[in-house]
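Below: the structure, in structure tokens.
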Amino acid sequence: MPGSLSFLLTAAVAASSPTVPVEPIGAIVEAARTHQLVAIGEEHGCDQLHAFLRALVRDRRFADAFNDIVVEFGNAKYQDVIDRFVRGNDVPYEVLREVWQNTTQPTHIWDLPVYEEFFRTVRAVNASRSDRRLRVVLGDSPIDWDQVHSRDDVRKFANRDRWAADTIEREVLAKHRRALVIYGGTHLLRPGGSLVGLLESEGAERIYTIWTHVSGALATLQSDAASWRAPSVVPLRGTALGGTPFGCLPGGVPLN
């Protein structure tokens, strides 16, 4: 995979060699054996990360380990549309694209090709399997822009993390399923009112959380980071980064 891409593991797990990176797909599949929820912090629009996510979903071990994929980049109003699409049914494109175009976030970001490609990858994986198929759960609040006429109409859908937490509790945890959760990194912060914070405070087991870092600046905080394979998963316990949520803005500006 081109470029420098490292996945930093922030889950509280034991590691005999904490700074030794491991093969990422195997690590994520293994995490699902002990956690109902594995969350990856998404760098929005990042081609490198999405190339990895597509490879992850296409790996046969993934569908054996996970039932669902919960995504930020889809309006829950169209859950029935994406259900039909990933099952392989014919869905007119003008209907399908509303999934990622009509969200609570009126920006162009979800219209980048990587998001449509992600949904099409899940559809292709499901078409290749008859035994176990993946479901995509749309996590964005179910706003209906045709019914929005004022700021008050928008405010009803503003608490996106609350909606997503309720959806995960209902569609994944209550059904004893396992899910990969793909959300922007700030939604993974703990404790507090973030998606991960809400779930864990309301009784969910500790969530196996993976932060993504896309730049070459990590070695300024962890001296041996320059030698880490990319992409990889690196347990943070015992490192200079351990215990500190860490992400990266485009261009390599660290977030602490």
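May I ask for the net charge around Asn159, where only other residues with Cβ less than 13 Å from the Cβ of Asn159 are counted and Lys, Arg are +1 while Asp, Glu are -1? Neighbour charge sum, excluding Asn159 itself: +1. If the Kirkwood radius is taken over C-alpha pairs of region 99-228, then at 10 °C and 1.306 mPa s the Stokes-Einstein diffusion coefficient equals 91 µm²/s.
State the dimensionless ratio Rg/Rh of region 107-150 (Rg: radius of gyration of Cα atoms; Rh: Kirkwood radius). Value, to two decimals: 1.13. The residues Arg177, Arg206, sorted by heavy-atom accessible surface at 1.4 Å with ligands and nucleic acids left out, run Arg206, Arg177 from largest to smallest. Sparsely packed loop sites in region 55-89 (the trypsin sites (Lys or Arg not before Pro) outside DSSP H, G, I, E and B with at most 15 other Cβ atoms within 10 Å) comprise Arg87. The order of Trp228, Trp145 by accessible area, most exposed first and with a 1.4 Å probe, is Trp145, Trp228. Ligands, DNA and RNA excluded, the heavy atoms of Asp144 present near 50 Å² of accessible surface to a 1.4 Å solvent probe.
The values are calculated or read from the model by the stated rules, or taken from the named source; none is laboratory data. Quick caveat: nothing in here was measured; it's all calculated off a predicted structure. Using ideal geometry, Cβ is built from the backbone for each residue, glycine included, and neighbour counts are taken over all protein chains shown. Areas reflect the complete protein model, heavy atoms only, side chains present, ligands, DNA and RNA absent. Shrake-Rupley method; radii C 1.70, N 1.55, O 1.52, S 1.80 Å.
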